[in-house]
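First the structure, in the form of structure tokens, and then the observations on it.
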Amino acid sequence: MSSVPQQHHLALDVHALREALDAHQRYLAGRSGGRRLSLHYADLANCSLEGIDLRDADLTGAKLAGATLARANLSRAILFGADLREADMRHVNLKRADLRGVCMRGANLAGAELAGCDLREGRIALQDKLDGFRILRHEHRPGELNYAVLSGANLQGAQMSGAVAMTSDFTDANLSGAVLTGAKLMRAVLDGADLSGADLAGADLSGASMKRAVLNGVNLNQARLDDCDLTGVLRAPPPIFYIDDKSLTEVLAEHEAYCDSGGRRGQVMKLSEVDFRPVRTLKRRRLSGLSAPVSIFFGMDLEGVQLQGADLSGCDFRGANLREADLRGARFTDAQLARADLRGAKMGPLNIAEGRYVRTDFTRASLRGADLRGAHAPKARFLEAEMDGARVAGCDLAGAELEV
């Protein structure tokens with residue numbers, strides 16, 4: 001009886017690879033001589049493709065184990081059955097890529113863009129002269145994400161039915177609307193992950209850590225949650241939030257009246273652990289001096305809001321819109337601002353008297369994946385702040401306290 005033939009990958013020399021990549025760049029630019037990159041079953045193990053534009057490339061069955069693909073653009077690329085074990089894929093763009101049957105065991109995809117990609121299990125049948133068709137096999141099973149790092153990754157709407165991601169790190173990842181039916185997520189870390197509207201029916205989350213995860217509208221029908229840590233998970237907001245006998249809307253109106261009248265009318269809001277989500281929007285509201293530590297602003301629209309001198313320590317602003325907000329002198333110590341939009345926000349010092357000012361304080365805050373482009377943050381304090389994947393192009397950080 002003949003032995004099972006081994007899979008063979010096409011070896012490429014440096015010159016041939018460079019020519020193929022150059023032709024692909026011309027193809028993307030619509031120039032003459034352009035040719036779409038098609039490297040079926042190519043051996044690109046340990047190859048450096050960092051930052052290269054590989055949109056629409058066809059890398060079906062390619063061997064990319066240990067390759068460096070950090071910040072590469074692989075949107076809409078075909079990676080069906082590819083071997084990406086231990087690959088460096090930090091901040092790679094895989095939006096709408098075909099990742100069926102891909103093996104990404106131990107790969108680092110921190111901060112990667114995987115919205116709408118297909119990560120379901122898939123197998124490639126190759127024609128063989130001796131045995132007809134055979135299955136292309138990796139050292140580990142296809143569709144495997146075991147031990148992979150996907151912290152801060154965007155997996156919104158990803159198709160991950162039956163995915164195997166045991167002991168993988170999804171900390172602060174965006175998995176909203178993702179399909180994870182029947183997925184194997186034993187001992188995975190999903191701390192702070194956004195699972196809003198995700199389908200986890202029949203998934204195995206035994207021993208997983210889901211601290212601070214967002215479970216609004218998630219389907220956990222028949223999911224296994226044995227020994228799963230659900231400490232501090234965020235569920236659906238209440239329809240109305242009352243403070244004593246007043247609705248939150250009334251309390252906010254009183255605070256705004258106090259700000260508008262210079263203290264002659266209304267009352268300052270000084271409360272903690274308030275869920276602001278029932279209000280839905282605080283866009284352009286005047287809430288200077290607000291004191292609401294450990295409160296929830298998750299996903300809210302706060303564009304242009306005035307929060308000068310506010311105490312917002314320990315608050316949850318994940319995914320919130322804070323564009324053009326006035327946050328001068330506000331306190332955000334230990335706050336959660338992962339994926340928050342802070343473009344154009346004012347985060348400089350708040351002058352309180354001649355020669356005296358209060359810094360905006362983000363000490364120990366999480367700003368993973370936050371967008372600070374064009375923000376004004378001179379003298380702001382970011383000590384021990386987590387800023388992995390934060391976008392800071394054009395952000396004024398003159399005199400800011402940063403830990404490098």
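A few remarks follow.
Listed here are the residues, each with its yes/no results for (1) in contact (Cβ under 8 Å) with a residue 24 or more places away in the chain; (2) in contact with a helix residue (DSSP H, G or I) (Cβ under 7 Å, 6 or more places away or on another chain).
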position: Gly232; (1), (2): no, no
position: Met269; (1), (2): no, yes
position: Ser291; (1), (2): no, no
position: Leu337; (1), (2): yes, no
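- Test result for Gly262, in a loop (DSSP other than H, G, I, E, B) and within 23 Å of the chain's Cα centre (by Cα): no
- Of the residues making up region 378-388, not a single one is outside any loop (DSSP other than H, G, I, E, B), surrounded by fewer than 23 Cβ atoms within 10 Å (Cβ to Cβ) and touching a Pro at 6+ places or on another chain (Cβ under 7 Å).
Residues are listed down the side, and each one gets a yes or a no for (1) out of contact with any Leu (no Cβ under 9 Å at 6 or more places or on another chain); (2) at pLDDT below 95; (3) at negative phi:
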| position | (1), (2), (3) |
| --- | --- |
| Ser206 | no, no, yes |
| Asp229 | yes, no, yes |
| Val233 | no, no, yes |
| Pro237 | yes, yes, yes |
| Gly266 | yes, yes, no |
| Ala292 | no, no, yes |
| Ser295 | no, no, yes |
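- Test result for Leu126, over 28 Å from Arg391 (Cα atoms), aliphatic (A, V, I, L, M), part of a loop (DSSP other than H, G, I, E, B) and modelled with pLDDT under 95: no
- Some residue of region 300-309 being touching a helix residue (DSSP H, G or I) at 6+ places or on another chain (Cβ under 9 Å), surrounded by 20 or more Cβ atoms within 10 Å (Cβ to Cβ) and either closer than 24 Å to Arg364 by Cα or in contact (Cβ under 8 Å) with a residue 60 or more places away in the chain (or both): yes
- Per-region count, region 198-234, residues of a type in the set (D, E, K, R) and under 19 Å from the mean Cα position of the chain (by Cα): 3
- Contacts under 7 angstrom Cβ, first residue in region 56-74 being free of Cβ contacts under 8 Å to residues at least 24 places away in the same chain and crowded, with 24+ Cβ neighbours inside 10 Å, partner charged (D, E, K, R) and in a strand (DSSP E or B), 6 or more apart: Leu64/Asp83; Leu69/Asp88
- Meets criteria (under 31 Å from the mean Cα position of the chain (by Cα) and either surrounded by 14 or more Cβ atoms within 10 Å (Cβ to Cβ) or farther than 26 Å from Met387 by Cβ (or both)) for Ala320: yes
- For region 180-197, a tally of residues being of a type outside the set (S, T, N, Q), at negative phi and over 17 Å from the mean Cα position of the chain (by Cα) returns 4.
- Scanning region 347-370 for residues that are surrounded by fewer than 22 Cβ atoms within 10 Å (Cβ to Cβ) and either not polar (S, T, N, Q) or not in a loop (DSSP other than H, G, I, E, B) (or both) returns Pro349, Leu350, Asn351, Ile352, Ala353, Glu354, Gly355, Arg356, Tyr357, Val358, Arg364.
The values are calculated or read from the model by the stated rules, or taken from the named source; none is laboratory data. The structure presented is a predicted model; accordingly, all values stated were derived computationally and were not measured. Quick reminder, even Gly has a Cβ in these numbers, built from the backbone with ideal geometry, and neighbours come from all protein chains shown.
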